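Written below as C-alpha cells is the structure these notes are about.
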Amino acid sequence: MRNGLSKDLIARVLGGAPKYTLEELEAKFPPRQLKEGAFVTRFAPSPTGFMHIGNLYGALIDYKLAQQSGGVFMLRIEDTDTKREVSGVVEVVKNAMANFGFKYNNDEKYGPYYQSKRKDIYHSVAAYLLEKGLAYPCFLKAEEMDEIRKKQTSAGFATGIYGEWARDRNLTDDEIIAHLDNGEVPSIRLYSNGNPENRIYCKDSVRGSISFPENNEDLVLIKSNDGLPTYHFAHLVDDHFMRTTHVVRGEEWLPSLPLHYQLFRTMGWTPPLYIHTSTLDKIDSETGKQRKMSKRKDPECNVDFFLQEGWPTESVIEYLGNILASGYEDAKMKGAVKNYWEYEMKPKKIPMSGALFDMKKLEWWAKEYIATMSVPDLVKSVVDWAGVYGNDDNKKQVENIDYLTSILSIERDNPKRIRKDFITWQQTLKEIAPFFDFLFTPNREYEYNIDALREFLAGFNESDDKDSWWQKIVYTAEKLGLKPGEVAMNLRVAMLGRTNTPDLYSVMQVLGGKRVRDRISMII
Ligand code: GLU
C-alpha cells in the first residue's frame, strides 16, 4: 500500500471527479433477488472480429446454466479495445443470439451493457483504489516501457512493470502534479502487493482448486489513451456490480486468474465462480491429427457460416450441447428429453481439454433434427432462410408455397420411414431443385429404354392410385421382358435426372401429370 491521493488530485488524475462512491454503487446495483441456486451468467464478447464457434460454445454454457437454474443470462459488449474494434460485429452477435434462441435479460437496473458506456462506474472504483493507496497514476511512456523490457530481458528478469521496475509506484503528490502540469495523461495501475514466492489458490468449477504464484505486476487498470478500463479491471467491476455468479470464458484467461482473485481481494469482494472452457478442436483432413480450429482454414470457425448455409440452429445447439454433456445423445435417442433445453447440464462434466467439433457429426444431428420436424415447420425454415440468405434461384423455389410443401411432404408420413437426406436449408433446396422446371435439366447421359418410357407414357394416368400405377409398371416390364425395377429406374431418371430419388410414386404425384408427360417426352 502507498499513500492515498486526495480527492482533488484524484479528480485531476482521472480527468474529472468520480461520479459515485463505492457505497452508492453498491446501492445502485444491489444483490439480485433470485431464488437460491440461481446462476447469473453473461456472454461477454469483444467486437474485435467475427463470432467464433468457441464463443457460441461458451455462450451456450452461460445460457444453459442460467436457464436451467431459473437465473439470469446477460449479453455484455466488451468494447474497450477501441483500436481493434470491427464495425458490425455487435449486430452479428445479436443476430446469432436471436437465431440460436438465446434470450438475454439485460435488465436496465444493472446496465449499461456496453463497457464503453460504463466509464463513470470504472472511474469511481478506480478513485476508491487511488484514495486507499491501492492503485496509482503511472506516467511511463511506451518508449520507456520498451526500454524497461529490454533491460529486463537482457538481465534475465521477468518482463513487466513490477517492484523496482515500477518507476512511478511511489511518486509523491508533487511529482504527480508536476507530470500533470506537463500535460501528461497517466494510466492507472494496480499497486500490487503480491509476491511470486507465495501461492494463491483459485477455484475453477471444472478444474477444481488451482494454485498459482501470486501476481506482483502493477497491471494497468485504466488506460491512458482513452480512459477506458483493461479487461481485467472491467471484468472485476462489471461482474461484481452485475452480480454475476459464474464467469464462463475461454481457457486463454486461466493464466489471469490469480490477478483476478487478487483484484477481488483488494476490493474485499467475493469472486464469481469461474469455468474456463477448452478450445474447440477438429481433426485436420490432411494430417488426420487433432488441432485447434483455425480462422484461416476452417469456415466453420465462424458462427455466421452456419446461418449462411442454413444449418438448423437447433441441431448446432444439440451438437455443441452433446460435446458439453455427452449423455445428451443417449437421453435424446431414448426419448427421455425432447431437446437440449430439457436436459440438465452439469458444469463438472464440461470437457477440460481438446473438445472435438466434427462437421460429419453435426450432419448427423442436423439430419436427425430435420427428420423430426413437422412439414409446416420445415417449410417455414426453408422459406425464412431463402428470404435472408438464399440466392435468386432459392427465392424463386419458395415462391409457390403449396408446391414447396408438397415436395417437402414426400416420405414424411410414416414416422418409421422419414427421409433423412436433408442437412441444411441450402442443401435442401439444392436437393429438391429438379422438381422445379427452371432448374431441371434432363439427364442425357443415361441410357434409357425408350420403349419402356413410351409404353408407360401411353398408359399413364395421374389419378391412378399407387397399386394401379405399379401394376402399369409391372405390365410394361412384362411386355418388354424387363424387370419392374428397370422400368422404374428409367422413370426415376426421366423425372428428376438421378438414379436415387425418394419414393417414385410420390415424386410423380407431386410433379403432376403435365410435368410427368413433359419430362418423358423430352427423352423419347
Ligand atoms: N471479452 C472477453 C473475450 O471475448 C470475455 C471474457 C469473459 O467472458 O470474461 O474473451
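The values are calculated or read from the model by the stated rules, or taken from the named source; none is laboratory data. Quick caveat, the model's predicted, so the values are computed rather than measured. Because the Cβ atoms are built from the backbone with ideal geometry, glycine has one as well, and the counts that use them run over all protein chains shown. These accessible areas exclude ligands, DNA and RNA; they are computed on the full protein's heavy atoms, side chains included. Shrake-Rupley method; radii C 1.70, N 1.55, O 1.52, S 1.80 Å.
Could you please give the count of residues in the stretch 55-71 that are of a type in the set (D, E, K, R) and within 14 Å of the ligand (Cβ to nearest atom)? Step through it out loud before you land on a result.
Taking the stretch 55-71 as the starting set, the residues that turn out to be of a type in the set (D, E, K, R) are 62, 64.
Now narrow it down to the ones that are within 14 Å of the ligand (Cβ to nearest atom): 62.
Final tally of qualifying residues: 1.
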Practice problem: Could you please let me know if ALA126 is of a type outside the set (Asp, Glu) and within 15 Å of the ligand (Cβ to nearest atom)? | Solution: no
Self-check item: Residues within the stretch 105-122 that are open to solvent by less than 60 Å² (accessible area, probe 1.4 Å) and more than 23 Å from the chain's Cα centre (by Cα), tallied
Solution: 4
Quiz item: Tell me, which helices (runs of 4 or more DSSP H) lie completely within the stretch 283-360 with 2 or more residues that are under 23 Å from HIS246 (Cβ atoms)?
Solution: 313-324
Quiz prompt | Scope the stretch 361-382; condition farther than 25 Å from ILE53 by Cα and in a helix (DSSP H, G or I); matching residues | solution = VAL375, PRO376, ASP377, VAL379, LYS380
Quiz item: Is there any pair linking a residue in the stretch 497-516 that is at positive phi to one that is assigned to a loop (DSSP other than H, G, I, E, B), with Cβ under 7 Å and at least six apart or on different chains, and which?
Solution: GLY497/PHE440; GLY497/THR441; GLY497/PRO442; GLY497/ASN443; GLY512/GLU462
Quiz item: When residues of the stretch 397-406 are filtered for being open to solvent by 30 Å² or more (accessible area, probe 1.4 Å), free of Cβ contacts under 8 Å to residues at least 60 places away in the same chain and under 15 Å from GLU431 (Cα atoms), how many remain?
Solution: 1
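Before we move on, is ASP465 open to solvent by 20 Å² or more (accessible area, probe 1.4 Å), more than 18 Å from ILE407 (Cβ to Cβ), more than 52 Å from the chain's Cα centre (by Cα) and without any contact (Cβ under 8 Å) to a residue 40 or more places away in the chain?
Details: open to solvent by 20 Å² or more (accessible area, probe 1.4 Å): yes; more than 18 Å from ILE407 (Cβ to Cβ): yes; more than 52 Å from the chain's Cα centre (by Cα): no; without any contact (Cβ under 8 Å) to a residue 40 or more places away in the chain: yes.
Against the criterion (open to solvent by 20 Å² or more (accessible area, probe 1.4 Å), more than 18 Å from ILE407 (Cβ to Cβ), more than 52 Å from the chain's Cα centre (by Cα) and without any contact (Cβ under 8 Å) to a residue 40 or more places away in the chain), ASP465 does not qualify.
Any residue in the stretch 345-352 that is open to solvent by 20 Å² or more (accessible area, probe 1.4 Å) and without any contact (Cβ under 8 Å) to a residue 24 or more places away in the chain?
yes
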Practice problem: Among the candidates PHE102, PHE50, single out the residue that is away from the ligand (no atom under 13 Å from the Cβ), aromatic (Phe, Trp, Tyr), assigned to a loop (DSSP other than H, G, I, E, B) and within 13 Å of the chain's Cα centre (by Cα). | Solution: PHE102
Practice problem: Of the numbered conditions (1) open to solvent by less than 20 Å² (accessible area, probe 1.4 Å); (2) in contact (Cβ under 8 Å) with a residue 12 or more places away in the chain, ASN215 fails exactly one; give the number of that condition. | Solution: (1)
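Rundown of residues vs (1) among the aliphatic types (A, V, I, L, M); (2) in contact with a strand residue (DSSP E or B) (Cβ under 7 Å, 6 or more places away or on another chain), yes/no style:
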residue: PHE264; (1), (2): no, no
residue: TYR274; (1), (2): no, yes
residue: LEU280; (1), (2): yes, yes
residue: SER285; (1), (2): no, no
residue: PRO299; (1), (2): no, no
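Condition check ((1) touching a residue at least 12 places away in the same chain (Cβ under 8 Å); (2) in contact with a Cys (Cβ under 8 Å, 6 or more places away or on another chain); (3) surrounded by fewer than 17 Cβ atoms within 10 Å (Cβ to Cβ)) across all residues:
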| residue | (1), (2), (3) |
| --- | --- |
| PRO272 | yes, no, no |
| LEU280 | yes, no, no |
| ASP284 | no, no, yes |
| LYS292 | yes, no, yes |
| CYS301 | yes, no, no |
Exercise. Answer yes or no: is there a residue in the stretch 74-84 that is modelled with pLDDT of 95 or more, open to solvent by 20 Å² or more (accessible area, probe 1.4 Å) and closer than 25 Å to TRP311 by Cβ.
Key: no
